[in-house]
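A.B. asks: Quick one: this structure, given as structure tokens, is what I'll be asking you about.
The values are calculated or read from the model by the stated rules, or taken from the named source; none is laboratory data. Please read these numbers as outputs of a predicted model, since none were measured by experiment. Heads up, the Cβs are rebuilt from the backbone with ideal geometry, glycines too, and the neighbour counts pull from every protein chain shown.
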Amino acid sequence: MKPNNLDEFVEAIRLFPDNSTCNKYNNPKLKDLNMPICRLTAENNQWISRNLSEEHFYGLSNTEFTFCSTY
């Protein structure tokens, strides 16, 4: 990638090494959309699964945030 084509990648998908870094990037972006934000939480069918940390699921979080569009 050259400096003269950086603008082409403003909306590109980004990969992050961990959830914390990903959240630090994505949460302000969601707020900047100035739209309703949905919080989706996985429902685990066993009580023990609800109390386990992300480390037990290879870093996969049970909470997802997305924006709600009316388009």
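A.B. asks: Which residue pairs have Cβ atoms under 9 Å apart, sit 6 or more places apart or on different chains, and have a first residue in segment 3-32 that is in contact (Cβ under 8 Å) with a residue 12 or more places away in the chain and part of a helix (DSSP H, G or I) and a second that is small (Gly, Ala, Ser) and surrounded by 10 or more Cβ atoms within 10 Å (Cβ to Cβ)?
C.D. replies: Listed pairs, sorted by first residue: ASN19/GLY59; ASN19/SER61.
A.B. asks: How many of the residues making up segment 29-71 are at pLDDT below 75, within 22 Å of LEU15 (Cβ to Cβ) and not small (Gly, Ala, Ser)?
C.D. replies: Qualifying residue count for the region: 6.
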